[in-house]
Amino acid sequence: MTALRRRELPPLLRAIHDPPQRLYLRGAGGAELLSRPAVAIVGARACSPYGSQVARLLGRELAAAGVVDVSGLARGIDGEAHRGALETDGHTVAVLGCGIDRDYPAVHAELARRIAERSLLVSEYEPGIDPAPWRFPARNRIIAGLCAAAIVVEARERSGALITADFALEEGREVFAVPGEITSALSAGTNGLLRLGAAPLTNANDVLEALGLERARTGAEQFHPLLELLPASVDELVRKSGMSPGELAAVLAELELQGLAVEGEGVFRSSRPRS
């Protein structure tokens, strides 16, 4: 465990209105990890299966492209973003709202251990400090401050994720929101951000283009078997693929987010590059 003084903070974090006096670090990633291109991925603790899937996919794809995924180790969106990054050879940073020696929530102790093995956990709170409700909104400024952009995947109207988005906007950082169903309370916050001018996020490329980076695309992604069945409607794909409607919806959502398939007028079509 090490600690950075204010003058040693990475430039983006040092530039915010209220940078921490100290930043404690735990893990194998090293302080230089905090100066790499980074994106915050945040959202609801009680997220939907769709939100969970999107957060994990974004975490995986951004980390594979060399972006450091930053989140808060909370249940739901945060945890899935960290897990997605760990599925690649990339890196993720968890910002804690408690002492650097604490794993909170306790259910994520194993996830924290995995993050520490190759990346970093950070906190402005010294060892022994208990989590408290007011510490979490405060830590959100660090999540936003470490990053060039922030993504809100799902959020209710009153959500800590929106506090992170506000901090990012105040510091002139890019804010993206994943569009959601207008009937879902979990989409009220993200759709509200879109109404206020946040950039809609439809796949990882939206963020990478804003950062001037390219997405790492694998051969396995470019030739997903389901793409061979397109164009087709959902009903046709259920019959041809043998998948359940739920399984198919998950795969189609992932292909759309990867930019490999598009939907229009009820028909899904391949958008993968042609050889």
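Return the distance in nm (one decimal) between the two label points of a simple spin-label model at Glu170 and Ser233, each offset 7 Å from Cα along Cα→Cβ.
Those two pseudo-labels are separated by 5.1 nm.
Of the heavy-atom accessible surface of segment 22-88 (probe 1.4 angstrom), what whole percent is carbon and sulfur?
Exposed carbon and sulfur together represent 50 percent of the surface.
In Å², what does the accessible area per residue of segment 29-100 work out to with a 1.4 Å probe?
So segment 29-100 comes to 26 Å² accessible per residue, rounded to a whole number.
On the protein heavy atoms, probe 1.4 angstrom, tell me the percent of accessible surface of segment 134-275 carried by carbon and sulfur.
The value for segment 134-275 is 52 percent carbon and sulfur by accessible area.
Taking H placed 1.01 Å from N in the peptide plane, check which residues at least 5 places from Ser233 or on another chain put their amide H under 5 Å from its amide H.
The answer is Phe268.
Could you state how much accessible area Met1 has, in square angstrom rounded to the nearest 10, with a 1.4 Å probe and all protein chains kept in place?
140
Select from Glu87, Glu228, Glu209 the residue whose mean-square fluctuation is largest in a Gaussian network model of the chain (Cα-Cα springs shorter than 10 Å).
Result for the chain, Cα springs under 10 Å: Glu228 fluctuates most.
Indicate, rounded to the nearest 5 percent, the antiparallel portion of the DSSP beta bridges found entirely in the chain.
Around 40 percent of the beta bridges assigned by DSSP in the chain are antiparallel ones.
Once the whole set of protein chains is in place, how much accessible area is left on Asp103, using a 1.4 Å probe, in Å² to the nearest 10?
50
How far apart, in nanometres, would the label points at Glu8 and Val262 be if each is projected 7 angstrom from Cα along the Cα-to-Cβ direction?
5.0
Run the Debye formula on the Cα coordinates of segment 20-79, all scatterers equal and no solvent, and tell me log10 I(q)/I(0) at q = 0.14, 0.26, 0.29 1/Å.
-0.45, -1.10, -1.20
Can you give me the distance in nm between label points at Met243 and Ala106, each placed 7 Å from the Cα along the Cα-to-Cβ direction?
That separation, rounded to one decimal, is 3.9 nm.
If you filter segment 106-211 for chymotrypsin sites (Phe, Trp or Tyr not before Pro), then keep DSSP loop positions with at most 12 other Cβ within 10 Å, what is left?
For chymotrypsin sites (Phe, Trp or Tyr not before Pro) across segment 106-211 that sit outside H, G, I, E and B with at most 12 neighbouring Cβ atoms in 10 Å, the list reads Trp134.
Report the net charge of residues surrounding Ala149, where surrounding means a beta-carbon distance below 13 angstrom and charges are Lys +1, Arg +1, Asp -1, Glu -1.
In short, -4.
Which GluC sites (Glu not before Pro) does segment 117-177 hold that lie in a coil by DSSP with at most 13 other beta carbons within 10 Å?
Glu157
The values are calculated or read from the model by the stated rules, or taken from the named source; none is laboratory data. What you see is a predicted model, and the numbers here were worked out from it, not measured in a lab. Cβ: placed from backbone, ideal geometry, glycine included. Neighbour counts: every protein chain shown. Just so you know, the surface numbers come from the protein's heavy atoms only, side chains and all, with ligands and any DNA or RNA stripped out. Shrake-Rupley method; radii C 1.70, N 1.55, O 1.52, S 1.80 Å.
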